[in-house]
Amino acid sequence: MSSDAFVEAQVAMLKLQLSIEDSFTAVAREYNRPAVIICDRGIMDCKAFVTPEQWAKMQEKMGVKLRRLRDECVAAQLGRARLASF
């Protein structure tokens, strides 16, 4: 698999993870009670499997920087509105 194809696959997995986290958050909100959502996998996991150059390409394709992804993760945990649109 070429580096570009690998980056595309990682971006797809990142988008999927964001969608899963959004779904869990939506379900929790329906209960109108405090909730804790624990995800064994997270949006930052992809970073562990790519080179710094590939990570930079992923951020470019997503239109977001590492700091923004971390903020997104924290915001999701706090139940705030999304900080970025993907």
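Every read-out reported here was derived from the displayed coordinates using simple, explicitly stated rules and does not represent laboratory data. Nothing here was measured: the structure is a model prediction, and the numbers come from that model. Ideal geometry is used to build each Cβ from the backbone, glycine not excepted, and the neighbour counts take in all protein chains shown.
Counting charges near Ser2 (Lys, Arg +1; Asp, Glu -1) among other residues having Cβ under 14 Å from its Cβ returns a value of -2.
A straight chain from Glu8 to Met44 at 0.36 nm per residue would run longer than the Cα-Cα distance by 11.4 nm. Just the projected area, averaged over all directions, of the convex hull on the alpha carbon atoms of segment 1-48: how many nm²? Taking a quarter of the hull surface, the average projection is 3.7 nm².
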